[in-house]
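Engineer: First the structure, then my questions, so here it is.
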Amino acid sequence: MKYDVLQVVGMTLLFISGQGALQLLVGRGGGLLDWLPGGFAAHLAAFLVVGVLGALLARWSHRRAKALGRRGNG
């Protein structure tokens, strides 16, 4: 159950950061990271870092669950 929750958290971080980065690129503002100083480059870098961390967390938790036999081979 723990790895399922971690995988959902990782995918949520990936989704939210991807959506925020796209909104930033389209020109709708900084979104959730609007409070972050540094302007466009800092916001985009933060969204990318959060997205990569979310993807890594989802990947790690999926592999741990698979190693415990809780996921299929596909």
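Here, each number is a calculation from the coordinates, and none is a lab measurement. All values reported here derive from a predicted model rather than from experimental measurement. FYI the Cβ positions are ideal-geometry reconstructions off the backbone, even for glycines, and counts take in every protein chain you see.
Engineer: Which whole-number percent is the relative contact order of the chain (Cα, under 8 Å, 6+ apart)?
Structural biologist: Rounded, it is 45 percent for the chain.
Engineer: In the chain, which trypsin sites (Lys or Arg not before Pro) fall in coil by DSSP and have 13 or fewer other Cβ atoms within 10 Å?
Structural biologist: Filter output for the chain: 28, 70.
Engineer: Could you bin all the Cα-Cα distances of the chain into 5 Å bins starting at 0 and give me the percent of pairs in each, rounded to whole numbers?
Structural biologist: Per 5 Å bin, starting at zero, the Cα-Cα P(r) for the chain comes out as 3, 18, 22, 17, 12, 10, 8, 6, 3, 0 percent.
Engineer: Among 44, 23, 68, which residue has its Cα positioned farthest towards the positive end of the charge dipole of the chain, with +1 placed on the Cβ of Lys and Arg, -1 on the Cβ of Asp and Glu, and the dipole taken about the Cα centre?
Structural biologist: Positive-end residue among those listed: 68.
Engineer: Treating only the Cβ of Lys, Arg, Asp and Glu as charged (+1, +1, -1, -1), what charge dipole size does the chain show about its Cα centre? Round to the nearest 20 debye.
Structural biologist: Magnitude of the dipole: close to 500 debye.
Engineer: Could I ask something else about it? Cα centroids of the stretch 1-41 and the stretch 52-68: how far apart, whole angstrom?
Structural biologist: First find each Cα centre; the distance between them is then 18 Å.
Engineer: Turning to a different aspect of this structure: What's the angle, to the nearest 10 degrees (0 to 90), between helix 2-26's Cα axis and the longest principal axis of the chain?
Structural biologist: 20
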